[in-house]
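A quick write-up on the structure given underneath.
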Amino acid sequence: MPFRDRDDAGRRLADALVAHAGEAAVVYALPRGGVPVAAHIAERLKAPLDLVLVRKIGVPYQPELAMGALADGGAPIIVRNEDVIEAAEVTESVFQAVCARERAEIERRRDVYLGGRARPDPAGKLAVVVDDGVATGATTRAALRAVRALHPAKLILAVPVAPTDALEPLRHEADELVCLEHYRDFGAIGFFYENFRQIDDEEVIGILDRFSSRS
C-alpha cells in the first residue's frame, strides 16, 4: 500500500509542495479525513488551516454512490453527476430531499468545528485544497468551486491518491494539481492506506485548536 496512514500521506504531500513555502497561503481541508493530511501541509507552509465543508449527495439506496456533492459557501454550491442520477432513476424531488439532509449536516459541522473561530481570507493568496483522496471527484469539484469563489490568486488541489480518470476534469477546476499516486483500477480510497481509521469530530476540533492557538 502506498501510504501507512494519513500522517504519512500529509508529510509526503508537504514535501511535494515545499516550493510554495514562504508564499502567503491558506490551507483548506475537507473534513474529516482530509484534516490530518492538511495539517502537515499547513505546518510546512506556515499557513493557517481552515475547512471547506462538503457533503456527498448519495443515491438513497446506495449512499456511497455519489449522484452529486454540496459545498458550503456564500450560496450552497451543488455539483451534479447527471449520468448517475439518470442511471439510478433518481427524480428531482428525491435529489433535492437528499440535498436538504446534507445541507443540514453541513450546518451542524459548521457549528461544531468552526463555531466563532475567525476564518482566514484567501483573497489574493495561494489556496491549497486537501483531502485524503479522490473517489468520484464530485465532492472535490464542489470544494474547489467553493474556494475559488473566495478569489484566491492561485488554487491548488493536493491529494495523495485518485483514480486516473477522475484527474482530468479536476485539472480544469484548479490552477495546479498535486496527486502522488493515481490508478486506473481504483476501488476505494481506503485500499491505498495500511491504516485508514475513522476520524472523529474531536480530532478535527483538536487539530483546528492547535492551529488557532498558534495564530
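Assorted remarks:
- Short-range pairs are left out: with C-alpha atoms under 8 Å and at least six residues apart, the relative contact order of the chain is 25 percent.
- For segment 132-215, the square roots a ≥ b ≥ c of the C-alpha gyration tensor eigenvalues yield an a/c of 1.5 or more together with a/b not exceeding b/c, which makes the shape oblate.
- Applied to segment 192-206, the Karplus parametrisation 6.51 cos²θ - 1.76 cosθ + 1.60 on θ = phi - 60° returns per-residue 3J(HN,Hα) values of 9, 10, 5, 10, 10, 5, 5, 9, 9, 4, 4, 5, 4, 4, x Hz, with x for Gly and Pro.
- Furthest towards positive pole of dipole, Gly22, Phe192, Val134, structure part the chain, Cβ charges: Gly22
- Separation between Cα centres of segment 78-94 and segment 133-164, rounded to whole Å: 21 Å
- Here the scattering of the chain is modelled by Debye summation over its C-alpha atoms, one equal scatterer each and no solvent; at q = 0.08, 0.13, 0.16, 0.17 Å⁻¹ the log10 of I(q)/I(0) is -0.25, -0.70, -1.09, -1.23.
- Using Cβ point charges alone (K and R +1, D and E -1), the dipole size of the chain about the Cα centre works out to roughly 680 debye.
- Shape of segment 56-168, Cα gyration tensor, a/c cut at 1.5: oblate
- Pairwise inverse Cα distances across segment 106-159, averaged and inverted, put the Kirkwood hydrodynamic radius at 12.4 Å.
- Charge dipole magnitude, Cβ of K and R +1, D and E -1 - segment 80-153, Cα centre, debye nearest 20: 560 debye
- Net charge over other residues, Cβ less than 14 angstrom from the Cβ of Ile85 (K, R count +1; D, E count -1): -3
- Surface per residue (accessible, 1.4 Å probe) for the chain, Å²: 47 Å²
- For segment 60-164, the set of GluC sites (Glu not before Pro) satisfying both a DSSP loop assignment and a count of at most 12 other C-beta atoms within 10 Å is given as Glu89.
- Rounded to the nearest 20 debye, the dipole magnitude of segment 29-78 is 80 debye, with +1 charges on Lys and Arg beta carbons, -1 on Asp and Glu beta carbons, and the Cα centre as origin.
- Each Cα pair under 8 Å and six or more residues apart adds its sequence gap; the mean of these over the residue count of segment 112-215 is a relative contact order of 27 percent.
- Relative contact order (%) - segment 1-51, alpha-carbon pairs under 8 angstrom, separation at least six: 43 percent
- Carbon-plus-sulfur accessible fraction, the chain (probe radius 1.4 Å, protein heavy atoms only): 49%.
The values are calculated or read from the model by the stated rules, or taken from the named source; none is laboratory data. If you're wondering where the values come from, they're calculated on a predicted model, not measured in any experiment. Note that each Cβ is placed from the backbone with ideal geometry, even for glycine, and that neighbours are counted across all protein chains shown. Ligands, DNA and RNA are excluded from the accessible area calculation, which covers all protein heavy atoms including side chains. Shrake-Rupley method; radii C 1.70, N 1.55, O 1.52, S 1.80 Å.
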